[in-house]
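**Student:** Got a structure for you, written out below as structure tokens; questions coming shortly.
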Amino acid sequence: MSGRRSRPRQSSGTTRISEDQINDLVIKLQQLLPELGDSHRSDKVSAARVLQDTCNYIRNLHREVDDISERLSELLANSDTAQAALIRSLLTQ
Amino acid sequence: MASADKPINTDVPEKDVFALHFLQSLSNLRRQNAFNSPDDTTNNRVKKIKKAAYVSMARAAGGTNRLWSRALLRRAAKENNKVVIFSRRKKRVTWLRRSNRRDPVDAERLRNLLPGGGAMETSKLMEETAHYIKCLSMQVKVMQCLVDGLSAK
């Protein structure tokens, strides 16, 4: 196979993804994540919008992890009875 | 390849799997006296808890089966100066990154947010993103339960 060493611009098509294929994938992403919002069920929703919403969702989740970690840090540092409360709270879920 | 209709599996383990892993990480931290040492600043404590959260999530949800969890665990091990050995899978070559530049800007942003996203194919990126978001939501729920349980006296 010649041209293996050069940058594979003309590869078998697996690395070059067309607009349609991206749209298909994004629609699939939308189906996999219904929590992104049911208001986007319409057909006209663009791939860019879904991707944007996904990015925002991930950023929000990261921020939530930050906030919760801070509160956990305060709570766990306070006393040793926190250990018992820890176990207790998770056993009563 | 892109038109293959394989069913994508983005199932996520039950909540208690996440809880168990997170508890284990927390108790490890406690054993290292991360919570009681007076010279440890609050920021360090928060950072340790955050790291424990991400690592335990990666272990609970994906282990070595998911690209994002592998990237997370690898990153965490690098911070600890540990050597991580993963079983050799099909290695994603770096030139893949260059050909992915044809993606729209938003896909690029998504790549930056997802651990290990820079080297994934676009189709894999979508699947990994969905799984990552589900696991992250579960982890947040577990941590919130913990906070509620600890603060309700």
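**Student:** I want to confirm something. Restricting to the stretch B:123-153 and keeping residues that are under 17 Å from B:VAL55 (Cβ atoms) and at the interface with chain A (Cβ under 8 Å from one of its Cβ atoms), which single residue is surrounded by the most Cβ atoms within 10 Å (Cβ to Cβ)?
**Tutor:** Filtering first and then ranking leaves B:TYR132.
**Student:** Regarding B:MET120, is this residue of a type in the set (A, V, I, L, M) and either surrounded by 21 or more Cβ atoms within 10 Å (Cβ to Cβ) or on the phi > 0 side of the Ramachandran plot (or both)?
**Tutor:** yes
**Student:** Further question on the same structure: Where in the stretch B:41-139 are there helices (runs of 4 or more DSSP H), lying fully within it, with 1 or more residues that are at pLDDT below 80, basic (Lys, Arg) and touching a helix residue (DSSP H, G or I) at 6+ places or on another chain (Cβ under 9 Å)? Break it down stepwise before answering.
**Tutor:** Numbers: elements: B:42-61, B:67-79, B:95-99, B:105-113.
In the stretch B:41-139, B:95-99 are the helices (runs of 4 or more DSSP H) which contain 1 or more residues that are at pLDDT below 80, basic (Lys, Arg) and touching a helix residue (DSSP H, G or I) at 6+ places or on another chain (Cβ under 9 Å).
**Student:** Then there is this: Do we have any residue at all in the stretch B:25-33 that's open to solvent by 30 Å² or more (accessible area, probe 1.4 Å) and either modelled with pLDDT of 85 or more or closer than 20 Å to B:GLU121 by Cα (or both)?
**Tutor:** Within the stretch B:25-33, not a single residue is open to solvent by 30 Å² or more (accessible area, probe 1.4 Å) and either modelled with pLDDT of 85 or more or closer than 20 Å to B:GLU121 by Cα (or both).
The values are calculated or read from the model by the stated rules, or taken from the named source; none is laboratory data. All values reported here derive from a predicted model rather than from experimental measurement. All Cβ positions, glycine included, derive from the backbone under ideal geometry; neighbour counts span all protein chains shown. Heads up: the accessible areas ignore ligands, DNA and RNA and are worked out on the full protein's heavy atoms, side chains in. Shrake-Rupley method; radii C 1.70, N 1.55, O 1.52, S 1.80 Å.
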